[in-house]
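Heads up: the structure comes next, in structure tokens.
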There are 2 protein chains.
Amino acid sequence: MKLASLPHGRDGRLCIVSSDLAWYTPADHLVPTLQAALDDWDAHEPLLRALATELEHGAIPRERFHERAAAAPLPRAYQWADGSAYVNHVELVRKARGAELPDSFWHDPLMYQGGSDDLRGARAPITLADESWGCDMEAEICVVTGDVAQGASAEEALAAVRLIGLVNDVSLRGLIPGELAKGFGFVQSKPATHFSPVFVTPDELGAAWSGGRLSGVLRVDLNGQAFGRAEAGEECTFDFGTLIAHLAKTRQIGAGSIVGSGTVSNRDADGSPGRPCSAGGRGYSCIAEQRMVETIEGGKPVTPFLRYGDVVRIEMVDAKGHTIFGAIESEVVPA
Amino acid sequence: MKLASLPHGRDGRLCIVSSDLAWYTPADHLVPTLQAALDDWDAHEPLLRALATELEHGAIPRERFHERAAAAPLPRAYQWADGSAYVNHVELVRKARGAELPDSFWHDPLMYQGGSDDLRGARAPITLADESWGCDMEAEICVVTGDVAQGASAEEALAAVRLIGLVNDVSLRGLIPGELAKGFGFVQSKPATHFSPVFVTPDELGAAWSGGRLSGVLRVDLNGQAFGRAEAGEECTFDFGTLIAHLAKTRQIGAGSIVGSGTVSNRDADGSPGRPCSAGGRGYSCIAEQRMVETIEGGKPVTPFLRYGDVVRIEMVDAKGHTIFGAIESEVVPA
């Protein structure tokens, strides 16, 4: 089942979207918003699934689904917590900042609490006040949880995954060092986060969703050129069950919480940090990684951070080349 | 006007509470929840105020208000961001961790993004899985905002303050150093946060609310003994307009966002970190400060962190000795 929210009020209007993303049917006569559906998932899911089946069969009135018309599936949420499952990314970005990677990072997930009061739809622009802030994309996988008890195990936490989607965790690289030096994590350096047009239930992914990890190539394009083609199922040190359990260690988690994987990142086959797509490699899911590799190889970064007019596109396709979540495609514009 | 939420579903049922906290009348026939009221404040506020006036005059049916029956005014919120307006507290706590205070902390607010999916009512217990985690209270002031534009000035941000209340920003001191060393801020070391029974509109506070700062003694009791009597209006380096504008620098803020002051803290009259209430001082709004002063004076901390059965009470009274927000009174219990 694939779910989207069309713009309506602050929380959107819940819709079911066909598996091929061609059609939708409103679901707000069953439950008005995705948050409301998640609040009582056991009651709503069977009815929504029945509607999804009818939509697939063309048995009910349906309308063309346009990704550009979708709000974020959750236009605002009660929690957005982002992990760092791909430790290769963490190692590279820290190298770029001149910071070492502690060995514990391979065992104890890194996670930050993000702002969740303004979650952007897949075609919303990235509103940037100052190009010198070093705006970067971070292409990631995310899950939406049901309720999770305080102290839940990774297995219990994984069972609470309701939906899966894509994220652009926009980051302001120029503001990060100063903010992290203050010791309290990200506030200004993480502006509004962007989400894929649809979130999907785990069964929709078949074998690609296994053990709390999603397999598939995360396609990141910058201005129409391939920038990243990382395989999300590889080198994913922490599965989502482990990430959610990390968050739940000292407090319960409310339904509708969004948990991110951190920037998807692969090493090269030879163990090196990876080559750009233009050089035949898998590229990168953020500009910071490419700049780091450029620094290692040539002494200084070459690729600039995002500038006004740049367009970032993030998408994942299935084995047949069909889009799974739709694409996040955002232009950077002045705030 | 004073507002509370009685337990009902996930978001409570909105009520108006009399100024003396003796009576309430349901307001959910006007707007079901406090979040919904904040989502369209300009439309709802006049109707809620009319109801509040009728309640004060005894002109409508009313029922006894019991603080113990109240949920958090916002049982879940789209944002909880906590500042550190009282730099004296930051300096002391960092000293306790052996960290210096950068001079910039006097000009650039420190702020962290907290979890907001589980906000606890004023009599909810503090559910702690492990006493060795060093559970501590942090007594604070908070405000609830309307919408704030990206890049808003401090003046614009201050104009968006809708409500004011009290917070116990429960902290797990034993988990903080390890978590902060990872660089991404607090996740596990900040469990669920507790809120006063009512939030109040700025006009309810009279002259005590001025320039984005609240004046008044923040009364913190531990197991029935005075622990803190700090004056919230003194040594408050950053007013709430400045704190909210800090948060809004790179992204807009959604209605119903809660912003905290950080632990209220005063120096002693002689400039020293302050004496315990038992020694005639103003005491402390968290145990960590008292332990730091003990370490400075005697070489090691004496006061233990919270243990099962301990009761923390946080309250502010007006010039006549009447409670303003009601009291947060929480017992620490095993999770």
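Some points to look at:
- Qualifying position, being surrounded by 17 or more Cβ atoms within 10 Å (Cβ to Cβ) and either small (G, A, S) or outside any helix (DSSP H, G or I) (or both), among B:A43, B:A37, B:A50: B:A37
- Among the residues of segment B:57-75, the ones that are touching a helix residue (DSSP H, G or I) at 6+ places or on another chain (Cβ under 8 Å) and surrounded by 24 or more Cβ atoms within 10 Å (Cβ to Cβ) come to 2 in all.
- Condition broken by B:A129, with the remaining ones in (1) within 30 Å of A:T127 (Cα to Cα); (2) touching a Gly at 6+ places or on another chain (Cβ under 6 Å); (3) at the interface with chain A (Cβ under 10 Å from one of its Cβ atoms); (4) surrounded by fewer than 22 Cβ atoms within 10 Å (Cβ to Cβ) satisfied: (1)
- In segment B:241-265, residue surrounded by the fewest Cβ atoms within 10 Å (Cβ to Cβ) [restricted to those that are touching a Phe, Trp or Tyr at 6+ places or on another chain (Cβ under 8 Å) and more than 14 Å from chain A (Cβ to nearest Cβ)]: B:S261
- Any chance A:Y78 is in a strand (DSSP E or B), within 13 Å of chain B (Cβ to nearest Cβ) and touching a residue at least 60 places away in the same chain (Cβ under 8 Å): no
Matching residues to (1) modelled with pLDDT under 95; (2) hydrophobic (A, V, I, L, M, F, W, C):
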| position | (1), (2) |
| --- | --- |
| B:A69 | no, yes |
| B:Q79 | no, no |
| B:S104 | yes, no |
| B:D108 | yes, no |
| B:Y112 | no, no |
| B:D117 | no, no |
| B:R123 | no, no |
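- Tallying residues that are outside any loop (DSSP other than H, G, I, E, B) and either more than 15 Å from the chain's Cα centre (by Cα) or within 11 Å of another protein chain (Cβ to nearest Cβ) (or both) within segment B:171-201 yields 10.
- Considering the conditions (1) more than 9 Å from every other protein chain (Cβ to nearest Cβ); (2) under 22 Å from B:A139 (Cβ atoms); (3) assigned to a helix (DSSP H, G or I), B:F105 is excluded by exactly one of them, (1).
- Of all residues assigned to segment A:90-102, none qualifies as being in contact with a strand residue (DSSP E or B) (Cβ under 9 Å, 6 or more places away or on another chain), more than 9 Å from every other protein chain (Cβ to nearest Cβ), of a type outside the set (V, I, T) and in a loop (DSSP other than H, G, I, E, B).
- Among (1) buried (at least 24 other Cβ atoms within 10 Å of the Cβ); (2) on the phi > 0 side of the Ramachandran plot - the single one A:V144 does not satisfy: (2)
- Hits in segment A:1-34 - residues which are charged (D, E, K, R), part of a loop (DSSP other than H, G, I, E, B) and under 19 Å from A:D203 (Cβ atoms): A:D20
- A:F238 of a type in the set (F, W, Y) and surrounded by fewer than 24 Cβ atoms within 10 Å (Cβ to Cβ): no
The values are calculated or read from the model by the stated rules, or taken from the named source; none is laboratory data. In this text the structure is predicted, and so the values were computed from the model without any measurement. Note: ideal-geometry Cβ built from the backbone for every residue, glycine included; neighbour counts use all protein chains shown.
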